[in-house]
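Accompanying notes for the structure given below.
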Amino acid sequence: MAKITYIEHDGREHVVEVKTGLTVMEGAIRNNVPGIDADCGGACACATCHVYVESAHALPPPAADEETMLAGTAAQRQANSRLACQLKLGPELDGLVVRIPEMR
């Protein structure tokens, strides 16, 4: 299990335990965290799970399809933007903090 903190655009925090092997997006959906819509179900095809990674965890760089999706559709993209559907949880991501943008 990994503890993930999801911060809504208005500052409300949701700290949840997510099973290792799931994605940050799946953790949000299974725990009813608002703001992560996941319209494509995790297929890296919509950017409705766009988040800002706020913690200093070392993440693998985005794959080409994630980079393309972020470049083309993620509103308010920043240097720390990622798609939550592409962040698979392992023990190394315990304590991850992500902020959910207000608009996508």
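In table form, for the structure just shown:
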| item | result |
| --- | --- |
| Region 79-90, subset surrounded by 14 or more Cβ atoms within 10 Å (Cβ to Cβ) and of a type in the set (Gly, Ala, Ser), residue modelled with the lowest pLDDT | 81 |
| Residues within region 79-90 that are touching a residue at least 24 places away in the same chain (Cβ under 8 Å) and either over 15 Å from residue 7 (Cβ atoms) or assigned to a loop (DSSP other than H, G, I, E, B) (or both), tallied | 8 |
| Whichever residue in region 1-17 is among the hydrophobic types (A, V, I, L, M, F, W, C) and modelled with pLDDT under 95 and, among such residues, is farthest from residue 99 (Cα to Cα) | 1 |
| Filter result (touching a Gly at 6+ places or on another chain (Cβ under 7 Å) and either surrounded by fewer than 15 Cβ atoms within 10 Å (Cβ to Cβ) or among the β-branched types (Val, Ile, Thr) (or both)) within region 10-42 | 16, 18, 20, 23 |
| Looking only at region 61-78, and only at residues there that are among the hydrophobic types (A, V, I, L, M, F, W, C) and assigned to a loop (DSSP other than H, G, I, E, B), the one that is modelled with the highest pLDDT | 63 |
| All positions within region 48-66 that are closer than 13 Å to residue 87 by Cα and among the small types (Gly, Ala, Ser) | 58, 63 |
| Any hit, region 66-80, residues being among the polar types (S, T, N, Q), touching a helix residue (DSSP H, G or I) at 6+ places or on another chain (Cβ under 7 Å) and within 24 Å of residue 17 (Cα to Cα) | no |
| Residue match in region 49-59 (condition: of a type in the set (Ser, Thr, Tyr) and within 20 Å of residue 10 (Cβ to Cβ)) | yes |
| Residue within region 62-78 that is among the acidic types (Asp, Glu), touching a Phe, Trp or Tyr at 6+ places or on another chain (Cβ under 9 Å) and open to solvent by 40 Å² or more (accessible area, probe 1.4 Å) present | no |
| Unique match (being surrounded by 13 or more Cβ atoms within 10 Å (Cβ to Cβ) and among the small types (Gly, Ala, Ser)) among 45, 58 | 45 |
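Each row is one residue, and each column tells you yes or no for (1) of a type outside the set (Phe, Trp, Tyr); (2) touching a Cys at 6+ places or on another chain (Cβ under 6 Å); (3) not in a loop (DSSP other than H, G, I, E, B).
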position	(1), (2), (3)
3	yes, no, yes
17	yes, no, yes
34	yes, no, no
39	yes, yes, no
47	yes, no, no
59	yes, no, no
92	yes, no, yes
98	yes, no, yes
102	yes, no, no
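The values are calculated or read from the model by the stated rules, or taken from the named source; none is laboratory data. Keep in mind it's a predicted model, so treat the numbers as computed, not measured. Note that each Cβ is placed from the backbone with ideal geometry, even for glycine, and that neighbours are counted across all protein chains shown. Surface accessibility is based on the protein's heavy atoms, side chains included, excluding ligands, DNA and RNA. Shrake-Rupley method; radii C 1.70, N 1.55, O 1.52, S 1.80 Å.
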